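Working notes, beginning with the structure itself.
Laboratory data are not the source of any read-out in this text; all were calculated from the coordinates shown. All of these numbers come straight from a predicted model, not from anything done at the bench. Neighbour counts run over all protein chains shown; Cβ positions are idealised from the backbone, glycine included.
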Ligand SMILES: [Zn+2]
């Protein structure tokens, strides 16, 4: 299941959650229980061994940086 990054708009915490794609926007904050916003980048996907890492490119760097990931082109 893919691991997504979320941020709660109410208490401001960041957290990760493994969610099915169909339910990835239905995540509640573990602290306050309010709806959390999914950040742009998917951090990792279990079961995708053999697929290349998404590289940096137009649009990708902003997404990676929004998720707090390093960008080789930054
Ligand atoms: Zn919260």
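Summary of values
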quantity	calculated
Per-peptide average of other Cβ atoms within 10 Å, ordering 17-27, 2-12 highest first	2-12, 17-27
Fully extended contour minus Cα-Cα distance, from residue 69 to residue 18, at 0.36 nm per residue	16.6 nm
